[in-house]
Amino acid sequence: MTRNYSLSTFISRNRVNVKWRIALVLLFPFALLEGRTAPMPQTVPAANTPIAFVHVCVIDLNSSTLRGNYTVIIKGALIDQVGPSDQVNVPEGVGHLEARGKFLVPGLWDMHVHIGSNALLLPFYIANGVTAVRSMADSVTEIRNFRQQIEGGEITGPRIIATAGQIIDGPHAVWPGSVSAATESEGRDAVDQVIAEGSDFAKVYDMLPRAAYFGVAEESKRKNIPFAGHLPMSVTAVEASDAGQKSIEHLIGIPLACSAKEVSLREEVLESGRHADSAWPALRAYRRADSAAFDSYSSQKADTLYARLVNNRTWIVPTLTNTLASIHSDDKTFRSDPRLQYMPDNLLSFWQAGEHSHILTTKEQRSKNRSLQKYLHLVRAMHRKGVQILPGTDTPNPFSFPGFGLHDELKLLVKAGFTPAEALRAATRDSARFMGLLDSYGTVEPRKAADLILLDANPLKDINSIDKINAVVTRGRLFRREDLESLLRSARK
């Protein structure tokens, strides 16, 4: 079954009021872009043109150190040589790019995106040095087409390293078109179905019942594919980690798992969904329970959970950008971001939904900031205990900008206690390691993919330097600053 989500139809059929229209978009972004949009006219740099960055400072993310006055030679789609400039001879026919005073880092990975069917969003990733993404629920057919077009140089876009295809959810699925599973057997069948349709991994969702969830876990293990996604309200974070869920997306359910009142709060959530004929009552209760759980946070419970996540190698993708946007969704100043000029009209119409947006009062601003700080503290505590964390934006959620948003996410990780080097490593080396692709991606080393960013300032000193992009290389194709500006200008048109 190919997904054909229509957000407007879903809203009208479910008679969702304006307030919940906003909540709907904030929670479930991947249906925002409907209909295939023709790719914008682009000038794609030629492939297989050998180039060399000379006298560049290479950021070694294996050791978080700087390798000054280096030369990096790229041939085809791979890095050919890396070494001190006085030891590496650049062959004839290789274009010299003087990069003295500049910094070379691996291309960034966004580990939680929804691409939809709109090719207009793809160049934004490259314009911001995001050279790879993980699709967390998209039409497999669309992803296959985009992969072919991007790899063939027809359009500019990132590597789509994996896609979940259809979501696996319960009988009262949040999204029409999801694969429904109620029993253990149906959970196993759901995994077989998404594999047959071309999914690279199975994605579980909020309303999946316990029996079906463990059926998904067992069949995923038997078929040797990962399963990841939301933390269903029917299982605890500890149970999900023990069952082998590779990544837990967002932070939904994590505050609940750290609460001294987890049992009673969880029972309230489950009770709200037992006799409902849709997902909404339970979803609202789940979000309320998570918010209330912060007031009964137990360090002892949290430490037990974090140790289990570390031991089971369960990764967390907190999507802090999404959290920030949801907290400030009614703030007019937040809605005046200059990057809005690049977004397509059909996306903006959902991002700007709501009738009550206003300038926040000082009291409101403080309350919103306290809410954000709770999530930042949660990420800080997990990070300090060694939980493996990856950056993801959940774009095109409102104000989670494709490409740009990953810069926002890295800055939020630094606010949460990461060093700039740790944040960069999460978006490069760690992301490649999570995907089992570290032999080919994630660091600036010979025989690895020529996916690189040339920066005008040192991001290890200040993570905000990630915005100062001088050039991007993807699949061995060089995009100079003027090429990147051209991509953005074309999008604005």
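Can you say whether residue 386 is outside any helix (DSSP H, G or I) and at positive phi, as far as the supplied structure shows? Considered against the rule, which asks whether it is outside any helix (DSSP H, G or I) and at positive phi, residue 386 comes out as yes. If the condition is being more than 22 Å from residue 395 (Cα to Cα) and either surrounded by 17 or more Cβ atoms within 10 Å (Cβ to Cβ) or polar (S, T, N, Q) (or both), then segment 302-351 contributes 302, 304, 305, 306, 308, 309, 311, 312, 314.
Exactly one residue among 289, 282 is touching a residue at least 40 places away in the same chain (Cβ under 8 Å) and over 30 Å from residue 121 (Cβ atoms), and that residue is 282.
Only one of the numbered conditions (1) in contact with a Gly (Cβ under 9 Å, 6 or more places away or on another chain); (2) within 30 Å of residue 132 (Cβ to Cβ) is violated by residue 172, and that is (2). Based on this model, can you work out whether residue 169 counts as of a type in the set (Asp, Glu) and within 19 Å of the chain's Cα centre (by Cα)? It is false that residue 169 is of a type in the set (Asp, Glu) and within 19 Å of the chain's Cα centre (by Cα).
Based on what the data block shows, is residue 381 surrounded by fewer than 23 Cβ atoms within 10 Å (Cβ to Cβ), aliphatic (A, V, I, L, M), in a helix (DSSP H, G or I) and on the phi < 0 side of the Ramachandran plot?
Yes, satisfied.
Checked against (1) at pLDDT 95 or above; (2) more than 16 Å from the chain's Cα centre (by Cα); (3) of a type outside the set (Phe, Trp, Tyr); (4) under 30 Å from residue 298 (Cα atoms), residue 367 passes all but condition (1). Filtering segment 305-348 to residues that are within 17 Å of residue 244 (Cα to Cα) and either in a loop (DSSP other than H, G, I, E, B) or hydroxyl-bearing (Ser, Thr, Tyr) (or both) leaves 306, 313, 314. Considering segment 184-211, the residues that are touching a Gly at 6+ places or on another chain (Cβ under 6 Å) and of a type in the set (A, V, I, L, M) include one that is nearest to residue 244 (Cα to Cα), namely 204.
Of all the residues in segment 287-312, those that are at pLDDT 95 or above, within 25 Å of the chain's Cα centre (by Cα) and charged (D, E, K, R) number 1.
Given the condition closer than 28 Å to residue 376 by Cβ, in contact with a helix residue (DSSP H, G or I) (Cβ under 9 Å, 6 or more places away or on another chain) and outside any helix (DSSP H, G or I), answer yes or no: does some residue in segment 269-280 qualify? No: zero hits.
Kindly indicate whether residue 196 is at pLDDT 95 or above and surrounded by 24 or more Cβ atoms within 10 Å (Cβ to Cβ). For residue 196, the condition - at pLDDT 95 or above and surrounded by 24 or more Cβ atoms within 10 Å (Cβ to Cβ) - is not met. In this structure, is residue 431 within 30 Å of residue 259 (Cα to Cα), part of a helix (DSSP H, G or I) and of a type outside the set (Val, Ile, Thr)? Here the answer is yes, as residue 431 does meet what is asked. Looking at segment 151-159, is at least one residue closer than 26 Å to residue 318 by Cβ, of a type in the set (Ser, Thr, Tyr) and either surrounded by fewer than 24 Cβ atoms within 10 Å (Cβ to Cβ) or within 22 Å of the chain's Cα centre (by Cα) (or both)? Checking segment 151-159: not a single residue is closer than 26 Å to residue 318 by Cβ, of a type in the set (Ser, Thr, Tyr) and either surrounded by fewer than 24 Cβ atoms within 10 Å (Cβ to Cβ) or within 22 Å of the chain's Cα centre (by Cα) (or both).
Scanning segment 204-239 for residues that are surrounded by fewer than 18 Cβ atoms within 10 Å (Cβ to Cβ) and aromatic (Phe, Trp, Tyr) gives no hits. The condition (being of a type outside the set (Asp, Glu), modelled with pLDDT of 95 or more, closer than 15 Å to residue 104 by Cβ and touching a Leu at 6+ places or on another chain (Cβ under 8 Å)) is satisfied by just one residue among 449, 426, 416, 457: 449.
The single condition from (1) outside any helix (DSSP H, G or I); (2) farther than 19 Å from residue 314 by Cβ; (3) not polar (S, T, N, Q) that residue 233 fails is (2).
Applying the criterion of being part of a loop (DSSP other than H, G, I, E, B), crowded, with 18+ Cβ neighbours inside 10 Å and not hydrophobic (A, V, I, L, M, F, W, C) to the residues of segment 92-117, the residue that is farthest from the chain's Cα centre (by Cα) is 102. Filtered by the rule that a residue be among the polar types (S, T, N, Q), in contact (Cβ under 8 Å) with a residue 24 or more places away in the chain and in a helix (DSSP H, G or I), segment 118-148 gives a lone residue, 141.
The residue that is surrounded by the fewest Cβ atoms within 10 Å (Cβ to Cβ), among those in segment 441-471 that are within 20 Å of the chain's Cα centre (by Cα) and over 24 Å from residue 482 (Cα atoms), is 443. Residues of segment 183-215 that are touching a Phe, Trp or Tyr at 6+ places or on another chain (Cβ under 9 Å) and part of a loop (DSSP other than H, G, I, E, B): 201, 205, 206. Look at residue 162 and say whether it is touching a residue at least 24 places away in the same chain (Cβ under 8 Å), within 30 Å of residue 85 (Cβ to Cβ) and under 15 Å from the mean Cα position of the chain (by Cα). Criteria not met by residue 162. Given the criteria within 21 Å of the chain's Cα centre (by Cα), more than 26 Å from residue 114 (Cβ to Cβ) and part of a loop (DSSP other than H, G, I, E, B), does residue 436 qualify? No; evaluated as a whole, the condition is false for this residue.
The values are calculated or read from the model by the stated rules, or taken from the named source; none is laboratory data. None of these values were measured; they are calculated from a predicted model. Reconstructed Cβ throughout: ideal geometry from the backbone, glycine too, with neighbour counts over all protein chains shown.
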